[in-house]
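The values are calculated or read from the model by the stated rules, or taken from the named source; none is laboratory data. Model, not experiment: these values are computed from the prediction. Here the Cβ is made from the backbone with ideal geometry for all residues, glycine too, and neighbour counts use every protein chain on show.
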Amino acid sequence: MARYTDPVCRLCRREGMKLYLKGSRCDSPKCALERRSTPPGMHTRRGKQSEYGLRLREKQRLKRFYGVLESQFRRFFKLASQSPANTGEQLLSLMERRLDNVVHRLGFAVNRPSARQLVSHGHIQVNGRTVNIPSYILRVNDVITVKDNKRSRQVVAEALKNSNVKVPDFLERVSTDPPEGKVVRLPTRDDVDDRIRNINEQMIIEISTR
C-alpha cells in the first residue's frame, strides 16, 4: 500500500496552509508553518502564478489534506464524474466518506494520518467486519466500531479524550464506550471540513479533465 513517507510539515509549507498532519503540534508554536511560512527548497524570486499553477495548487491542497495519492485521486475523480450530480460536490463527498476520514471526524483519531494507521492495523470494523483499507468508501447506514480488544479501545479512548473535533451532521457518534459511529446520510458541500471548505473544486475539475 503506497503512502507518503517524507517529512509532512514541508507539505503544509508548500501549500501555504495548515493540513493538520501532526495533531496538536499543528496548533502549537512548534508548527512549521508558524515558524517558517515560505515554501520549502531553494528560494528565488517568484513571478505571478500561472492559471495552470493556481489550479494545480488547489488539486494538491485537496489531495494532501485528505492524504490521497495521485492514483487514488484519479479513481475518486472518475467516480465523481460518472455521477449525474455536480462533479465537484461528488468529489468532496467521496473524500469525506473515506473510512480514514470518517474515523477522524468521529473523534476516534486525532488526525487523518493516525486514523489511517488505525484502519491499516485492523482496529476498525464496518458493520461488524474488520476493514483495513483506509480509502474504503462508506455508505448510508454503515456502522463504524472499534475492535473489541484492550489495545484498540485504549488508543481510541485516548484520542476521544484529547479530541476537539466537532462531529459533522452526516455522521452520528452513537457512543464512546464502546466507540461507535454511524453514517446517517451522504455528506454535502456544507459538511466538508471547515479547514478545507474554501477549496475551489471547479479549478480541480478544470485541471483534472485536461
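Tell me, please, whether a residue that is hydroxyl-bearing (S, T, Y), in contact (Cβ under 8 Å) with a residue 24 or more places away in the chain and not assigned by TED's automatic domain parsing to the domain that holds R64 can be found in segment 139-146. Yes, segment 139-146 has at least one match. For segment 119-130, the criterion of a residue being assigned to a helix (DSSP H, G or I) and not assigned by TED's automatic domain parsing to the domain that holds R75 is satisfied by at least one position. Can you find even one residue in segment 92-108 that is in a helix (DSSP H, G or I) and more than 12 Å from the chain's Cα centre (by Cα)? No, the conditions are met nowhere in segment 92-108.
Would you pick out the residues in segment 134-154 that are under 23 Å from F76 (Cβ atoms) and exposed (fewer than 14 other Cβ atoms within 10 Å of the Cβ)? Scanning segment 134-154 gives R139, V140, N141.
For first residues located in segment 191-207 and under 19 Å from V165 (Cβ atoms), partners that are aromatic (F, W, Y) and at pLDDT below 90 and lie 6+ apart or on another chain with Cβ distances below 6 Å form the pairs I196/F65. Just so you know, in segment 149-187 the residues that are assigned to a helix (DSSP H, G or I) and among the small types (G, A, S) include one that is modelled with the highest pLDDT, and it is A157. Looking across segment 188-210, the residues that are assigned to a loop (DSSP other than H, G, I, E, B) and within 15 Å of H104 (Cα to Cα) come down to V192, D193.
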